[in-house]
Amino acid sequence: MPTNDDIARGLDRVAELLELQAANPFRVHAYRHAADAVRELDEPVSAVLAREGQTGLKALGIGQAIASVVEELHRTGHLRMLERLERELPPLQRLQQVPGLGPRLARQVYAALHVETLEELEVAAHDGSLERLPGFGPRRTQLVRDAVAGRLQRSGRSTRVSAGPSPPRTPPPHLPALHPQRPPVAMLLDVDAEYRKRADAGALPTIAPRRFNPKHVTWLPVLHTTRNGLRFTALFSNTARAHQLGTTHDWVVLYWGHDHQESQCTVVTEHRGPLAGRRVVRGRELECARHYGIGWQRPLPLAPGRAAS
């Protein structure tokens with residue numbers, strides 16, 4: 001079970017990554033405040049949750065959204081939002097975040113070993129290749145090895161072989177299952193419009209995605225925004241299908257939630273039917289038609305044995 005220090009470090013890391021993506025400073029401050037509150041608790045977070053649930057965390061000045069994050073870290077030992085933020089960090093910047101690697105050594109590791117991920121760095125720290133680089137002796141290599149192992153373990157992504165599968169953990173009965181709101185299509189389309197407008201104006205921070213980016217070009221804009229208390233992150237789709245169809249600057253992936261159980265959807269420009277030329281949330285076309293005031297029914301499936309005319 002994660003300790004208070006483990007949870008506080010996870011919250012601090014979320015704050016660091018949000019700050020690097022130019023997220024709202026108040027949001028960054030809220031995570032750091034929550035980390036300090038957890039770190040200064042004179043009893044385990046598990047005791048607070050068992051006795052009072054998230055209400056006990058709110059009494060410490062932690063808001064509802066981050067109380068849910070603390071509960072997830074306590075219950076599962078890792079945080080999916082944190083894993084996503086780590087993936088969005090450009091490779092060189094990711095390496096510079098590791099204690100023992102400043103900008104100069106990070107560039108050296110990146111250029112000499114072609115290391116881009118924390119998992120690859122952990123392997124290099126154990127197979128001797130890191131220690132053979134100038135500036136790395138046994139002491140610095142051990143520092144990097146310990147730092148990377150700790151970070152991967154906190155995110156649930158350690159590449160080391162475990163002693164065996166852990167038994168499944170279920171939330172205590174007083175903690176209900178968490179489900180993010182399903183935003184109305186009008187809200188999703190509004191976030192999509194804000195993202196594309198600001199991306200076109202060059203007004204958003206950009207990252208260099210790992211996939212389908214062999215030259216490590218920094219091109220992918222990232223937007224953090226809120227609507228009615230829901231936090232959104234928006235990015236152009238960087239999937240194989242989007243690259244194949246040439247829609248990497250049309251398809252927009254939206255993540256939303258209260259920073260715990262994130263959901264996502266994709267917004268695209270429709271090219272067929274009554275919605276042609278309009279922005280549409282995939283899987284919610286009928287709702288989009290109603291939003292645009294278009295009288296349209298989803299085509300019914302053909303009856304067995306009938307062919308399309």
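Remarks
- Within the range 239-252, the only residue that satisfies the criterion of being at pLDDT below 90 and surrounded by 18 or more Cβ atoms within 10 Å (Cβ to Cβ) is Ala242.
- Residue ranges of helices (runs of 4 or more DSSP H) in the range 15-72 with at least 3 members without any contact (Cβ under 8 Å) to a residue 40 or more places away in the chain and under 21 Å from Trp256 (Cα atoms): 25-39
- Val222 of a type in the set (Val, Ile, Thr), within 16 Å of Val280 (Cβ to Cβ) and either touching a helix residue (DSSP H, G or I) at 6+ places or on another chain (Cβ under 7 Å) or modelled with pLDDT of 85 or more (or both): no
- For first residues located in the range 108-134 and under 16 Å from His216 (Cβ atoms), partners that are among the aromatic types (Phe, Trp, Tyr) and lie 6+ apart or on another chain with Cβ distances below 8 Å form the pairs Glu116/Tyr110.
- Taken over the range 74-108, the criterion of being under 15 Å from the mean Cα position of the chain (by Cα) and closer than 27 Å to Gln142 by Cα is satisfied by His78, Leu79, Leu82, Glu83, Arg84, Leu85, Glu86, Arg87, Glu88, Leu89, Pro90, Arg94.
- Once the range 82-107 is narrowed to residues that are of a type in the set (Lys, Arg) and farther than 18 Å from Gly10 by Cα, the residue that is surrounded by the fewest Cβ atoms within 10 Å (Cβ to Cβ) is Arg104.
- For Ala242, the criteria (1) over 20 Å from Leu18 (Cβ atoms); (2) of a type in the set (Gly, Ala, Ser); (3) within 18 Å of the chain's Cα centre (by Cα) hold in every case but one, which is (3).
- Every residue from the range 78-96 that is at pLDDT below 80 and either among the β-branched types (Val, Ile, Thr) or assigned to a loop (DSSP other than H, G, I, E, B) (or both): His78, Leu89, Pro90
- Candidates are the residues of the range 186-215 that are touching a residue at least 60 places away in the same chain (Cβ under 8 Å) and out of contact with any Leu (no Cβ under 8 Å at 6 or more places or on another chain); the one that is farthest from Arg94 (Cα to Cα) is Ala186.
- Residues of the range 115-133 that turn out to be aliphatic (A, V, I, L, M), surrounded by fewer than 18 Cβ atoms within 10 Å (Cβ to Cβ) and part of a helix (DSSP H, G or I), as a count: 1
- Flag if Phe136 is assigned to a loop (DSSP other than H, G, I, E, B), surrounded by fewer than 19 Cβ atoms within 10 Å (Cβ to Cβ) and at pLDDT 70 or above: no
The values are calculated or read from the model by the stated rules, or taken from the named source; none is laboratory data. Not measured: the values here are computed from a predicted model. Glycine gets a Cβ as well: all are built from the backbone with ideal geometry, and neighbour counts include every protein chain shown.
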